[in-house]
1. Is it the case that some residue within the range 227-238 is touching a helix residue (DSSP H, G or I) at 6+ places or on another chain (Cβ under 7 Å) and at pLDDT 95 or above?
2. For the list (1) under 15 Å from residue 50 (Cβ atoms); (2) surrounded by fewer than 19 Cβ atoms within 10 Å (Cβ to Cβ), I need the number of the one condition that residue 78 fails.
3. State all residues of the range 117-156 that are away from the ligand (no atom under 13 Å from the Cβ) and closer than 19 Å to residue 176 by Cβ; if no residue qualifies, say none.
4. All but one of (1) assigned to a strand (DSSP E or B); (2) farther than 22 Å from residue 14 by Cα hold for residue 207; state the number of the condition that does not hold.
5. Which one is farthest from residue 105 (Cα to Cα) among residues in the range 23-34 that are more than 9 Å from the ligand (Cβ to nearest atom) and surrounded by 21 or more Cβ atoms within 10 Å (Cβ to Cβ)?
6. For the range 35-75, which residues satisfy the criterion of being surrounded by 21 or more Cβ atoms within 10 Å (Cβ to Cβ), under 24 Å from residue 175 (Cα atoms) and in contact with a helix residue (DSSP H, G or I) (Cβ under 7 Å, 6 or more places away or on another chain)?
7. If we keep just the residues of the range 11-22 that are crowded, with 19+ Cβ neighbours inside 10 Å and away from the ligand (no atom under 16 Å from the Cβ), which is nearest to residue 172 (Cα to Cα)?
8. Of the numbered conditions (1) closer than 23 Å to residue 293 by Cβ; (2) part of a loop (DSSP other than H, G, I, E, B), residue 248 satisfies every one except a single condition; which is it?
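The values are calculated or read from the model by the stated rules, or taken from the named source; none is laboratory data. Predicted model, so just to flag it, every value in this text is computed and none were measured. For neighbour counting, all protein chains shown are included, and Cβ atoms are generated from backbone atoms with ideal geometry for every residue, glycine included.
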Ligand code: SF4
């Protein structure tokens, strides 16, 4: 009896830098699902969480390879595949390399707390099985901001897991969320984030801006579910950053970077000023670009804020 063709499952989201990658789904949704600024998987119709079996994922990998045998990069989602049983994730990574012999880059989302729990030994096993890069939400290096946002880890965990990840030979791509400290902790947010980056020197720093979607947000389409952060806004426990404040926050973050060699990108449409380059060589140029922007007439700056829009 012939078998029906299988349709591989696809991750719900992927990083912009993985636009040309083959997408493999190893987990469904997010096992943490508590970050107040997020709610992304429930918003896209995946409120629960499960690990797919290695057998099922490997079957998808083979089906994908039949379609894109020459793929050079593969991204594994949904949230935090390294939280899977280690042997299962290793089996998936090995299947990916067998099926895509030209794939030099195999990446996944990962939570810093998961990388920390894996310790150097577990991270070395993932690298040996063929994982090459992890995309991690640093979000903030400010302890109080991380706690308020229920991120579930501390600056210390970020620093230790980041160092261990690099030492294991994995590339570390960290996402910084501008605006996450709100009006009340934007300085601590910028300073703490720079301190964590300085302590680890990740391979990549990617900038995003907080969008408190749904609820009272005028840009959100009608019927869109609301960000869990609205509850804090309404309770007066979080005062959102202003657009211009976000730009000053970025400037302050850049100013406090020291001795790092990361590639920094604003590879998301919702950034107001898109700075990019190699640190530290390009840092002063980025600050000058921000200063040129801040010297624009106020109407022109306001127009940029309106046009940048907020999007996922
Ligand atoms: S930010 Fe990441 S870890 Fe937090 S709820 Fe969203 S997907 Fe999960």
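1. yes
2. Failing condition for residue 78: (2).
3. Let us first name the residues in the range 117-156 that are away from the ligand (no atom under 13 Å from the Cβ), namely 117-133, 141-145, 147-148, 154-156.
Hits for the range 117-156 are 133, 141, 142, 143, 144, 145, 147, 148, 154, 155, 156.
4. Checking residue 207 against (1) assigned to a strand (DSSP E or B); (2) farther than 22 Å from residue 14 by Cα, the one that fails is (2).
5. Step one: list which residues in the range 23-34 are more than 9 Å from the ligand (Cβ to nearest atom), which gives 23-28.
This time we only want the ones that are surrounded by 21 or more Cβ atoms within 10 Å (Cβ to Cβ), so: 24, 26-27.
On the way: 24: 13, 26: 17, 27: 19 Å.
Step by step, filter the range 23-34, then rank; the result is 27.
6. The answer is 74, 75.
7. 21
8. Failed condition: (2).
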